[in-house]
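Enquirer: I'd like to ask you about the structure that follows.
Derivation of every value follows stated rules applied to the coordinates shown; laboratory data play no part. The shown structure was predicted, so the numbers you read here are calculated from the model rather than taken from an experiment. Glycine also receives a Cβ, built like all others from the backbone with ideal geometry; neighbour counts cover every protein chain displayed.
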Amino acid sequence: MKSFFEPPLWFERRTLILKILNKHKDFKKVIDYGCNVGNLLEVLKNNSDYEEIIAVDNDENVLKEAYEKSKVTKYFMVYLKTKPLNIKLLKGNIKYADVRLLNSDALICSEVIEHLDNETLEIFPKIVFNIYKPKVVIITTPNCEFNYYFKELNYGTPQQKFRHEEHLFEWTRKEFNLWVKNIAEKYNYKFEITGIGSAPKEIVDGDRGYCTQIAIFERIEQCENNSIKNDINTEKLTEIFDCLYNIDYPYFDNSNVSVDEILKELVCFSKNYIDRIKLISSETNDQSYNENQESSDKIISNYTNISENTNENNSKKKYLNEENSINKDESNNKISTKYQYAINLEDIWQDYYINRLCGNKEKLKKVLKSDEVNSIFFFNNDENQSTDNENNNTEKVYIRNIDDLYDCFDKYYNKEDYESEYLSYSTDDDYNNKTDKYNEYSDTDKDSFWDHYSDSYHDNYSDAEHNF
């Protein structure tokens with residue numbers, strides 16, 4: 001027996017949805033439309049940019065499960081968010097409109113439309129695209145042509161079945177494409193159709209497409225086509241859905257944070273950064289160490305790619321920094337030769353504590369240019385680096401004098417307090433044996449992305465094992 005999809009289809013689907021959403025750093029309000037047991041919601045809550053997440057379903061039992069995955073855990077009591085986050089779980093039928101779903105940035109409708117009857121399916125586009133009008137809409141649904149590979153479904157015969165008994169239809173690629181195109185043209189959206197889940201090479205038989213087909217709609221802000229008018233007065237909309245759960249996450253109020261507090265964390269972060277690089281450099285002659293470090297870096301890299309924007313990822317970056325993040329005398333330009341060490345601004349920003357204290361990157365940049373901080377660090381994005389979004393990863397913060405940095409660190413931290421709170425990099429054994437505060441909490445409290453499993457019955461033919 002062999003798994004049909006590798007990685008599992010639920011993982012591919014969720015990863016693609018997150019990838020699409022993460023392109024829009026300014027999104028604040030996200031709707032999980034037909035949330036089921038809250039598997040996607042469990043990941044969305046980790047995004048530090050979101051301020052409001054609304055999950056909707058018509059089944060009270062699945063909403064109870066969704067609540068268990070979205071409630072505040074011990075982890076979020078310790079690693080506070082940097083801004084307020086409210087999560088509402090609403091019970092309601094999606095063929096009706098609720099005022100709380102207006103003005104959203106994104107609406108995700110994953111593996112839902114195939115459960116809708118004709119009446120609801122007909123009114124669905126009007127409610128979503130003409131009343132709610134999210135900036136981005138993501139819709140996923142099965143591609144019935146792919147059912148050819150699931151022999152038990154008898155695709156193409158009078159006895160053919162759907163992937164699940166509750167599916168009322170499953171569209172071909174042509175049918176889905178036509179439905180998507182009509183919606184986009186009618187309601188002033190542009191769209192892209194893609195998919196996830198390819199058949200294993202050894203059984204590919206013709207062009208059957210992807211297992212799951214996905215439409216990505218993006219609202220056109222300025223459009224000449226104004227013929228579509230909303231015949232529902234949104235001002236008269238009410239809160240018709242029942243709010244079963246209303247969750248407010250605790251957050252850190254950084255409105256009164258001083259520059260000195262931020263400088264303290266900058267100094268601590270930078271010292272750890274440099275000490276880590278020195279440790280790596282001192283072991284360059286040990287081949288086995290280098291091989292282990294390379295393997296470790298790959299694991300860390302793979303993990304952080306999936307867990308992007310989570311507090312867990314930010315906290316780990318405080319102690320685990322890759323060698324290539326430090327650029328020591330590697331450039332011939334005037335600034336990099338003047339200062340001994342340079343750290344990527346993005347790496348500093350990803351540190352949980354600095355991120356929490358500053359709240360936004362512009363404040364961090366402002367602090368780096370302040371007189372108090374400028375005595376230790378040099379940062380001038382107007383002169384030495386581009387502020388273009390495509391080049392943000394190249395912005396550097398330079399350490400003026402390493403001795404001054406260490407003196408400043410000694411001023412802020414006494415040895416006993418520091419060693420009790422942070423990792424020590426004095427020896428390889430220390431690095432391997434000590435753990436940070438994060439590891440005191442259970443896997444349940446960490447809300448690890450890897451703890452999520454398949455999306456209930458939606459993936460009966462996604463994660464199942466099949467004979468080839």
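Enquirer: For residue 103 and residue 412 in one chain, what is 0.36 nm times their gap in residues minus the Cα-Cα distance, to one decimal in nm?
Expert: Full-extension gain reported as 106.7 nm.
Enquirer: A further question on this structure: Distance cut-off 29 Å, Cα to Cα: go down the list 81/366; 133/369; 71/174; 19/278; 186/361; 45/91 and report the pairs above it.
Expert: Flagged as over cut-off: 133/369; 71/174; 19/278; 186/361.
Enquirer: Give the residues of region 131-161 whose amide nitrogen is closer than 13 Å to a point set 7 Å from the Cα of residue 205 in the direction of its Cβ.
Expert: 146-157
Enquirer: While we're here: Would you mind checking the pairs 69/201; 23/161; 88/161; 271/363; 29/190 and listing those with alpha carbons more than 29 angstrom apart?
Expert: Where the Cα-Cα span goes over 29 Å, the pairs concerned are 69/201; 23/161; 88/161.
Enquirer: Highest mean first, what order results for 189-201, 28-40, 109-121, 237-249 on Cβ atoms within 10 Å?
Expert: Packing proxy ranking, top to bottom: 28-40, 109-121, 189-201, 237-249.
Enquirer: Net charge near residue 253: determine it from the other residues with C-beta under 15 Å of the C-beta of residue 253, scoring Lys and Arg +1 and Asp and Glu -1.
Expert: Values: positive: 81, 83, 356, 363; negative: 51, 248, 261.
Around residue 253, the charge tally is +1.
Enquirer: Which net charge results for the neighbourhood of residue 175, defined as the other residues with beta-carbon distances under 13 angstrom from its beta-carbon, given Lys and Arg at +1 and Asp and Glu at -1? Numbers along the way, then the final one.
Expert: Details: positive: 173, 174, 181; negative: 114, 145, 170.
Its environment carries a net charge of 0.
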